[in-house]
Structure formats: structure tokens, C-alpha cells
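Notes follow once the structure below has been shown.
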Amino acid sequence: MAALVLSVGGRQSFRSLGLCGRIFYRNMSSSYLVDSKDAKYEFLRDLGLQSVNDGVFNGKWGGRGEVVTSICPANNKPIAQVRTASPEDYQETIKASQEAWQVWADLPVPKRGEIVRQIGDALRRYLDPLGRLVSIEMGKIVPEGIGEVQEYVDICDYAVGLSRMIDGKVFPSERPNHALLECYNPLGVVGVISAFNFPCAVYGWNSAIAMTCGNTVLWKGAPSTPLVSVAITRIVQRVLETNGLPGAICSLVQGGTDVGKLMAADERISLLSFTGSTAVGRQVALDVQSRFGRFLLELGGNNAILVDADADVTMVVRAALFACVGTAGQRCTTTRRLVLHESLHDQVVAGLAKAYAQVRIGDPLDDGTLYGPMHSQQGVEAYKKAVAEAVEQGGKIEYGGKVLEREGNYVEPTIITGLAHDAPVVQKETFAPIVYVLKTSSMDEAIRWNNEVKQGLSSSIFTQNLGTIFKWLGPKGSDCGIVNVNIPTSGAEIGGAFGGEKHTGGGRESGSDAWKQYMRRSTCTINYGTELPLAQGIKFE
């Protein structure tokens with residue numbers, strides 16, 4: 001199968017490839033960043049984006065729903081528009097996805113892996129412009145945006161290997177001339193609803209594995225990052241169609257809550273993967289369970305770093321800086337609680353405040369910027385509310401605490417001390433760059449505090465004590481899905497299963513044996529003899 005190679009004048013471009021979809025010409029001013037003559041935004045056109053873009057793909061591009069405008073959080077200027085899915089578009093797309101499955105499921109697994117390999121290679125060629133698109137639309141800095149696309153590339157590489165390794169089992173049968181097997185087969189259509197904070201990687205985790213397992217994928221990206229969804233789908237479309245395969249193997253229905261509800265209620269979607277808030281995830285789980293469907297939830301995280309008396313303070317400060325400030329506190333694995341042994345408390349707080357003061361705040365597209373904006377004004381309001389609540393509940397602002405007076409959705413990264421471990425504001429997740437620093441007298445106490453919140457996504461401990469490390473990893477240690485030692489709570493690798501416990505949802509994506517969630521398991525007994533013995537020695541004669 002031919003690999004995909006796209007090059008136009010030394011740059012990657014969709015404009016000459018006929019992949020821009022249907023264009024809606026309107027009498028509108030060229031106020032969109034996609035139309036800007038500033039070279040800073042040229043990558044938008046290199047990705048084939050226009051002032052108005054179709055947000056539905058099911059083998060052909062379209063969209064008869066609401067036209068939404070994507071806003072750059074760094075300056076609140078419009079980037080471009082996307083026409084979303086209507087209910088009719090959704091019905092057409094799910095049918096196309098089912099039809100495409102009839103073709104896709106017949107391919108041998110290694111052949112499916114080859115297609116996923118080509119998708120990874122195509123993404124590699126667009127690593128920089130796609131990373132910049134993630135940056136301008138979500139608000140994270142360019143290195144993080146590129147890193148997110150690299151995650152998609154990495155999981156494609158992983159899925160290629162998986163395509164040669166999906167296994168079953170052979171068990172000893174108690175009956176003569178019988179074989180007892182365990183087999184895995186694809187589910188059918190897998191739905192993916194992704195969130196604004198990782199508009200590319202989460203889809204990649206799900207789609208690369210789901211495709212290798214033999215499923216088709218129906219994607220609804222976050223309503224506020226529709227351009228990332230459109231650009232990625234175009235790249236995947238090109239790979240599929242170059243290989244003579246239906247584009248609807250990877251379909252797109254960009255839209256809002258209405259589309260998400262259709263997906264949750266649709267029995268044709270065998271598995272629905274949802275990434276978002278705990279409140280919405282709870283409703284998704286109820287809706288999918290009511291039809292006896294499968295769901296995979298990646299929800300909130302009130303993550304903690306625990307610091308023992310023997311920890312390396314310099315290492316702790318460096319780790320906490322990125323874990324608290326990276327992506328402006330908008331990672332599900334962001335550190336929100338820092339539990340410090342009382343002997344190191346003041347030293348770590350002073351070091352962290354000094355490090356915060358050196359963080360370069362600016363436009364995420366600019367070189368050297370380390371900290372960008374909140375994704376939306378809603379996030380800014382949540383930040384303001386949490387800071388006010390923390391102060392009201394006895395907290396002391398050691399650094400930050402204010403909204404920055406500049407264009408865009410910028411707030412100061414914030415450190416707050418003096419709160420009780422069970423203060424209401426500490427017990428809830430605020431999706432913002434606020435860390436609550438707690439003082440503890442022992443690691444046993446710190447572990448209890450780690451586990452007392454409702455979420456159970458990521459956790460970390462900094463210590464040199466082997467006994468403490470193994471307790472932390474054991475049955476009376478952290479109750480999270482990610483349990484780290486001497487590294488921060490954020491920055492998970494694709495090789496391990498990603499997900500959490502309790503109100504985080506219990507789902508697992510990416511590596512390890514997460515692939516099993518995308519397949520159905522069958523126990524198969526084969527009689528290759530001429531007798532019919534029953535199990536457990538039962539006689540029925």
C-alpha cells in the first residue's frame with residue numbers, strides 16, 4: 001500500500017489537493033485570522049482551512065447545522081468558522097460509518113496496522129502546522145501543541161506493533177478431543193467525544209487503537225476546538241482514500257451537546273469514549289448504560305504531589321512548576337494539591353514562588369512563551385471564584401491570584417497556602433492554574449489526604465525512602481490510576497494505560513491492555529472428536 005507523501009513547494013499544503021471541502025461564500029469582512037496576511041498565521045492556510053469550513057465528514061464533506069466561530073484565546077479574535085452537524089447529518093454519518101465497517105473489518109489486522117502507520121507518517125509531515133493549530137485554538141504553547149500531535153504519532157506507532165500482537169488464549173479442556181479458546185473481535189462503530197484541552201491526542205489514543213482492533217470511528221471534537229478536528233480528519237481522509245478505502249472509516253460530526261446526546265443514546269455505537277467533566281461524564285454513563293452499551297470515561301482529577309522530608313527540594317520545585325503551570329493548569333493531570341512535609345514546607349513554597357516569577361507569559365505562538373491563556377472566559381471566571389473561595393476559607397495567596405489586564409484570557413498562576421486539607425475549595429477540582437499547598441507531619445497522613453478526594457486520576461510522591469515508595473504503590477497507598485515516584489503528576493507516556501479511578505471514571509486508554517476495551521471477547525469450545533461429553537462429568541442419557 002502506497003505511503004502518503006504530500007509536498008508543495010517544500011511546504012505541506014492541502015490547497016492543491018482538493019481536500020478543503022465545500023466552501024460557503026458569504027458577504028463577510030476578512031476579519032478572521034485565517035485570512036490574515038501576517039506570516040504568523042500562514043500555517044492555517046497550509047492546513048487547508050478557510051474562513052468557513054465544513055464540520056461533517058462521512059465520505060463527503062458537509063454540515064447543515066449551526067455555524068460556529070472558533071476564537072483564539074490569546075487575543076479573543078475569530079480564527080475561522082465551522083458548519084456543524086444537524087440531526088440529519090448525524091444519521092447519515094452513523095450509517096456511513098456502519099457501511100465502512102463492513103470493508104474495514106474484513107482487512108487482516110496487520111493490514112489495518114499498515115494504514116494506521118501511514119496515518120502516523122502523514123501526521124509527522126504536518127507536525128509543526130498541526131501543533132500550531134492546537135496552540136492557537138486551545139491556547140497551549142507551541143512546544144506543548146507539537147508534543148500533543150507527537151502523542152498521536154506515537155500511539156500510531158504503538159498501534160502498528162499491536163496489529164502483530166493482538167492475542168487470544170488456549171485453555172486446557174477437561175473434555176477429551178476438545179479445544180477451549182478465547183478470541184477477540186471488533187465491536188463495530190466506536191464513538192469518541194473529546195475535550196478542548198487535548199483536542200488532538202485524546203482522539204489519537206482512541207482512534208489508532210480502535211482502528212487497529214477493526215472498528216470504525218465516529219468523532220465529535222470539542223465545540224470550541226473544531227478546526228483541529230477538521231484538519232486532522234482531512235489528513236486521515238487522504239490516507240484512507242489513497243489506499244482505496246472508505247473515508248467514513250474515520251467520520252466526523254462536529255457539534256455541541258445535541259450531537260453528544262445523539263451519540264450517547266445510539267445503540268449503533270458499541271463503545272462511547274468520553275473525555276470531559278465528571279458532571280457530564282456521569283450523564284453520559286447513565287445514557288449509555290440505559291441501552292446496555294459500553295462507555296469509556298476520562299473525567300476530572302484533583303491530583304496531588306506528596307513531598308517527604310528526605311526529598312530533593314530542587315527536583316520538587318522543577319517538577320511542580322510544570323505540573324502546576326503547564327497548559328495554564330488545564331490538564332486533567334495538573335497538580336492541584338501540593339502536600340509538603342512540615343520540615344520542607346517553607347523552603348519549597350519560597351522556591352516555587354521564585355520559579356513562578358520567572359515564567360514567561362505571552363502569546364502561545366511566540367517563541368519563548370512558557371505560559372499562555374485560559375481557553376475561555378468561563379475558565380477565567382472559575383479561576384476568580386476559586387481564588388475568592390480559598391481566601392474566604394482561610395487561604396493565603398503566596399503568588400498570583402489576579403486576572404491579567406491584557407487582551408485574551410490570561411490569569412496569574414497562583415500558589416495558595418494555609419488551607420485545611422478538607423477545605424471545600426481544596427476538595428473540588430478547579431480547572432485553572434491554582435495549587436493549594438498543604439502542610440503535613442507524616443507521609444501516612446499525606447497518603448490519606450491524597451485519597452480523600454472524589455477523583456482518582458494522577459498522584460506522585462517525592463521521597464528517597466524505599467519503604468515509603470512501596471507503601472505508596474501498594475494496597476494502602478495511592479488509590480489513583482496513575483501512581484508516580486519522583487516525577488510530577490502530568491506527562492504520561494503512551495505505553496502505559498491512561499486513566500483513573502472513582503469519579504475519574506475508571507476508563508483506560510492508550511497503551512498496556514487498553515486495546516481490550518475496543519473489542520468483544522468470546523469463549524469458544526471446539527469439539528474435534530466424535531463423542532459429546534458434557535462438562536463437569538454430567539450424564540444425560
Note to self: A 21 angstrom limit on the alpha carbon distance is what I want to check against. Which of LYS261/LYS384; LYS40/LYS140; LYS77/LYS354; LYS396/LYS428; LYS95/LYS261 exceed it?
What the structure shows: LYS261/LYS384; LYS77/LYS354
Checklist line | Loop trypsin sites (Lys or Arg not before Pro), the range 130-172 (other Cβ atoms within 10 Å of the site Cβ: 12 or fewer; DSSP) | finding: ARG164
Checklist line | Largest-first principal axis extents of the Cα set of the range 236-299 (Å) | finding: 41, 22, 20
Next item on the list: Tabulate in residue order the Karplus-calculated ³J(HN,Hα) for the range 360-366, using 6.51 cos²θ - 1.76 cosθ + 1.60 with θ = phi - 60°, rounded to whole Hz; enter x for Gly and Pro.
Entry: 7, 9, x, 5, x, 7, 7
Notebook entry, point to check: So what is the relative contact order for the chain, in percent, with contacts set as C-alpha pairs under 8 Å and at least six apart?
Noted result: 16
Next item on the list: Express as a percent, rounded to the nearest 5, the fraction of DSSP beta bridges in the chain (both residues included) that run antiparallel.
Entry: 40
Next item on the list: Give me the accessible area per residue for the chain, probe 1.4 Å, as a whole number in Å².
Entry: 41
Check: How big is the convex hull of the Cα atoms of the chain, per residue, in Å³?
Finding: 172
Margin query: From the phi angles alone, apply the Karplus equation (6.51, -1.76, 1.60; θ = phi - 60°) to the range 326-338 and give each ³J(HN,Hα) in whole Hz, x where the residue is Gly or Pro.
Written below: x, 6, 6, x, 10, 9, 5, 9, 3, 6, 10, 10, 10
Check: Calculated FRET efficiency, GLN283 and ARG448, Cβ-Cβ r, R0 41 Å, to nearest 0.05?
Finding: 0.85
Note to self: Give the residue list of GluC sites (Glu not before Pro) in the range 320-403 that are DSSP loop and have at most 15 other beta-carbon atoms within 10 angstrom.
What the structure shows: GLU342
Next item on the list: Sort out the exposed loop chymotrypsin sites (Phe, Trp or Tyr not before Pro) in the chain (DSSP loop, at most 15 other Cβ within 10 Å) and tell me the longest stretch that has none.
Entry: 26-291
Note to self: Starting from the Kirkwood Rh over alpha-carbon pairs, what translational D in µm² s⁻¹ does the range 303-489 have by Stokes-Einstein at 20 °C and 1.002 mPa s?
What the structure shows: 131
Notebook entry, point to check: Kirkwood hydrodynamic radius for the range 484-528: how many Å is it when counted over pairs of different Cα atoms?
Noted result: 13.2
Checklist line | Hz values of 3J(HN,Hα) by residue in the range 41-52 - Karplus curve (6.51, -1.76, 1.60), Gly and Pro given as x | finding: 10, 4, 4, 4, 6, 4, 8, x, 7, 10, 4, 10
Margin query: Under the rule of at least 5 residues apart or a separate chain, name every residue whose amide H is placed under 5 Å from the amide H of ILE79.
Written below: LEU33, SER70, ILE71, CYS72
Check: Once label points are set 7 Å from the Cα along Cα→Cβ at both ASP367 and LYS384, what is their separation, rounded to one decimal in nm?
Finding: 3.6
Notebook entry, point to check: At a 1.4 Å probe radius, carbon and sulfur cover how many percent of the accessible area of the range 303-489?
Noted result: 51
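The values are calculated or read from the model by the stated rules, or taken from the named source; none is laboratory data. Keep in mind it's a predicted model, so treat the numbers as computed, not measured. Glycine gets a Cβ as well: all are built from the backbone with ideal geometry, and neighbour counts include every protein chain shown. When the accessible area is computed, the model is the full protein with side chains, heavy atoms only, and any ligands, DNA or RNA have been set aside. Shrake-Rupley method; radii C 1.70, N 1.55, O 1.52, S 1.80 Å.
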